[in-house]
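Below is one structure, written out as C-alpha cells; the observations come after it.
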Amino acid sequence: MSTRREFLAHASAAAAGAALAHALPLSAQNGKTSPAWRLLDSFVNRRLQELNAPGLTLVLANRQGTVRVGTYGLADVTARRPVRPNDLFQIGSISKSFAANCALQLRDEGKVDLQRPVREYLPWLEIDSAVPITLHHLLSHTSGLPDDVPLFPKSPFPRLWSGYVPGSHYSYCNTGYELIGMVLEAVEKQSWSEVVRRRVLGPLGMSSTQPVITDAIRPQTAVGYAPYYQDRPFPPQRRLTRAPWVEFDRASGSISSTPADMGRYLTMLLNHGQGPHGRLISEESFRLQTTGVQQAPSWGEGAMYGYGFAVDTKDNRTLIRHTGGMVAFSSALHADLTGGVGAFASVNANLTNYRPNDVVHYALDLMRAQAAGTELPPVPPPDLPHVVNNAAEYVGTYNGSGAAAGSFTVRAAGTSLMLSRAETVRKLIRIDGDRFATDEDGLRYPVQFRRDGGKVVEAFVGPDWFTHERYSGPRQFDYPREWDNYAGHYHNDDPWWGSIRIFLHKGQLWLENSDPLVPLDKGVFRVGMEEWSPERAAFDAFASGRPLRFNFSGVDFNRIETL
C-alpha cells in the first residue's frame, strides 16, 4: 500500500541516468519447470515488460517449507547483471510484522502489556491525546498519530498529537512502528537490529537477512531504481533512473532479505507461529496478530488490520498480507492461513502506486489449484493502463475558469481516451480512479476528473480548473484572500519526501488536487476529507504576504519558484 509520504513524492532523481529499456527477464532458476511455474514465469516476464521494471525476486512456500525461488530481470541495469537468489531486496513495511512478532514474544514472556500506555515504556515521549496511546493502538494503526510525523515535530507543532480518540479509527502510521521499535529497545536493552536478529531471524535460520539498511550491506543489495522525473505523474512505462542510497534503521521498514529467507518466514506464518525449533509466539499471540482490530478501507473492501498485517476473511478463508514501499523497492507478501500457501515478491524499483500483489496473488491461485488437483488458472490478462473501459464517461469539452487555462477536449477512440489541447493530441493513461497522465512526459500535472451524482462534471490540471457542460455548481467563491499566496510548490530535499504542490480551487486549498486543507484554529489546517484525519498542515516564514515554508505534519518544505 502507498503511505502519504509515498504519494507525495517520487524518489530523488539527482543522480540522473539513462532511460531504462525493457529489461528482458530471465526464467526462474529452478531447473525443470512444472506447467504451473511456466504459467507463473510467463506472467511475471510480461508484467516486468508492461511496467518497465528492472527485476523481481519471488518465493513460494507452504507449511512444509519453501516450494520455489524465482529470480527475473536485472539487479543492475547498467552492468546488465541478472537478479540472483542471494541479492538483498528491501522489504519495506513488511518489516512491521517482524516488529509485531517481537512485541508479542515480549507479551508472552510478561515483559510488556499491550494495553499499557506507551509512555510507561518511553517516559520521555510527549503526545497530546485525549486518552493514553497503548502498544495495542500502535500495533493496529489506531493511535491517531499522523503517518510519518517526526517524534520531535517542527514548529508550529511543539509535540506529537493524536487526531482522534485512540482506538476509534484506523489510519496507517509509520511513526507508530518506529515507537514500537523503541519500546523493544527500552525493554530488551538492545538495539532493534539485535532484538529482531535474536528473536526472529536467528530462530528461523534467516542468516542472509539484514535488519537495518546501512552502507555495509550495499554490495549485497540489488540496485534500486526510481522515477526519473520528480515533477510529473508516473504511470507505467515511464523513464527510471538509479535511485539514491538511503540508510534506514527503524522498525517501521528497515529489513532487507532474500527470497529463500522470506520463504522461511512465510513457513513460520503458515504454521501459526511455529518455527523449525519451537514456537516464536504462542497460539494466542498469533491469533491476536492475525485478527482484525479495525476496518482498514485503504487495504480494500472488507479488509481489517491486525498487528503488522492486513487481514481478509472471506469464503471461509483467512488471508494475511502486507506491502512495502521504499525509495527504490516495492514488495508484497500474502499468506493464505487456511490453504497453507504463501508468496513474497519484490521489485527493485519504486513504481509509485505499484506493489507486486498481482504476482503473489496469481502464485497463490496456482498453488491452490496444484494442491487440489484442479485445472490451473490461466495467466491474467494484460493490465493496459491506456485501456479505459468507461471511456465514454469522460468525453466532452472542458472549459477553463480563466483565460490562461484555455480549454481541452476528450474523445473516445475505442477503449482509449484522447485529450486535445492547443493543437496537441495525447492519449490518456489511467493512474488510478479518475486520475490520468498522458502517454508522453509533456503534461507535468495529472488530469484529475471529478464527479457529481456519478457523472464527470469537471477536471483539475495543476492550478487550472475546467468544467464540462454538465457542471451546474457555483463559479464564484468566498475565501480568505491571503490563500491566493499560499498556493505554490514546496520542496524537501529528503528523497522520502520530495515535492508538495498546493493548489487553490473553488475557494478551497488542496494538497496535490487530492486532499483538501480544512482550516482549524490558529492557522493550522486539517489535511483530508475525513473529519478525524490526524494529518495537519501550516504555512509560515512569510515574506510580503507569501509563505516561504509549508509544514506537513511536522515536516518542513521550502517554497521553490516553479509551480
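The values are calculated or read from the model by the stated rules, or taken from the named source; none is laboratory data. All values reported here derive from a predicted model rather than from experimental measurement. Neighbour counts run over all protein chains shown; Cβ positions are idealised from the backbone, glycine included. SASA here: full protein model, heavy atoms, side chains in, ligands and nucleic acids out. Shrake-Rupley method; radii C 1.70, N 1.55, O 1.52, S 1.80 Å.
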Check: Within the set of pairs 6 or more residues apart or between chains, which connect a residue that is part of a loop (DSSP other than H, G, I, E, B) inside the range 374-387 to a residue that is β-branched (Val, Ile, Thr) and open to solvent by less than 60 Å² (accessible area, probe 1.4 Å) with Cβ atoms less than 6 Å apart?
Finding: PRO385/ILE429; HIS386/ILE429
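Would you point out the residue of the range 506-548, among those that are acidic (Asp, Glu) and under 24 Å from ASP128 (Cβ atoms), that is surrounded by the fewest Cβ atoms within 10 Å (Cβ to Cβ)?
Among those that are acidic (Asp, Glu) and under 24 Å from ASP128 (Cβ atoms), it is ASP521.
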Checklist line | Selection within the range 180-197 - of a type in the set (D, E, K, R) and either in contact (Cβ under 8 Å) with a residue 24 or more places away in the chain or not in a helix (DSSP H, G or I) (or both) | finding: GLU188, LYS189
Notebook entry, point to check: For the range 47-64, does any single residue satisfy the condition of being touching a helix residue (DSSP H, G or I) at 6+ places or on another chain (Cβ under 9 Å), surrounded by fewer than 24 Cβ atoms within 10 Å (Cβ to Cβ) and either farther than 30 Å from PRO381 by Cβ or of a type in the set (Gly, Ala, Ser) (or both)?
Noted result: yes
Notebook entry, point to check: Within the range 527-563, which residues are of a type in the set (Asp, Glu), over 23 Å from GLN230 (Cα atoms) and part of a strand (DSSP E or B)?
Noted result: ASP540
Check: Listed residues LEU504, LEU509; which is hydrophobic (A, V, I, L, M, F, W, C), part of a strand (DSSP E or B) and in contact with a Leu (Cβ under 7 Å, 6 or more places away or on another chain)?
Finding: LEU509
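Checking the condition within 30 Å of SER499 (Cα to Cα), open to solvent by less than 40 Å² (accessible area, probe 1.4 Å) and either in contact with a Leu (Cβ under 7 Å, 6 or more places away or on another chain) or free of Cβ contacts under 8 Å to residues at least 60 places away in the same chain (or both), which residue from VAL246, VAL200, VAL212 passes?
None of the other options fit; the residue is VAL212.
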Note to self: Consider the range 356-388. How many of its residues are closer than 19 Å to GLY55 by Cα and either small (Gly, Ala, Ser) or open to solvent by less than 70 Å² (accessible area, probe 1.4 Å) (or both)?
What the structure shows: 7
Check: Just to be sure, is LEU179 over 13 Å from GLU535 (Cα atoms) and open to solvent by less than 20 Å² (accessible area, probe 1.4 Å)?
Finding: yes
Checklist line | Pair list, Cβ < 6 Å and 6+ apart or interchain, from the range 539-563 residues that are more than 14 Å from ILE502 (Cβ to Cβ) to residues that are assigned to a loop (DSSP other than H, G, I, E, B) and at pLDDT 95 or above | finding: SER553/PRO146; SER553/VAL149; SER553/GLU535; GLY554/VAL149; GLY554/PRO150
Note to self: Checking ILE281 against (1) out of contact with any helix residue (DSSP H, G or I) (no Cβ under 7 Å at 6 or more places or on another chain); (2) in a loop (DSSP other than H, G, I, E, B); (3) over 30 Å from VAL83 (Cα atoms); (4) among the β-branched types (Val, Ile, Thr): exactly one of these is not met. Which one?
What the structure shows: (1)
Next item on the list: Among the residues of the range 127-151, write down those that are surrounded by fewer than 16 Cβ atoms within 10 Å (Cβ to Cβ) and either touching a strand residue (DSSP E or B) at 6+ places or on another chain (Cβ under 6 Å) or modelled with pLDDT of 95 or more (or both).
Entry: ASP128, VAL131, PRO132, PRO150
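State all residues of the range 277-299 that are under 25 Å from GLN90 (Cβ atoms), at pLDDT 95 or above and open to solvent by 10 Å² or more (accessible area, probe 1.4 Å); if no residue qualifies, say none. Quick ask: steps written out before the conclusion?
At the first step, the residues of the range 277-299 found to be under 25 Å from GLN90 (Cβ atoms) are 280-281, 289-290, 296, 298-299.
Going one step further and asking which of them are at pLDDT 95 or above, we end up with 280-281, 289-290, 296, 299.
Within the range 277-299, LEU280, THR290, TRP299 meet the criteria.
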Next item on the list: Mind telling me which of the residues THR409, THR397 ends up being out of contact with any Asp or Glu (no Cβ under 9 Å at 6 or more places or on another chain), modelled with pLDDT of 95 or more, hydroxyl-bearing (Ser, Thr, Tyr) and open to solvent by 10 Å² or more (accessible area, probe 1.4 Å)?
Entry: THR409
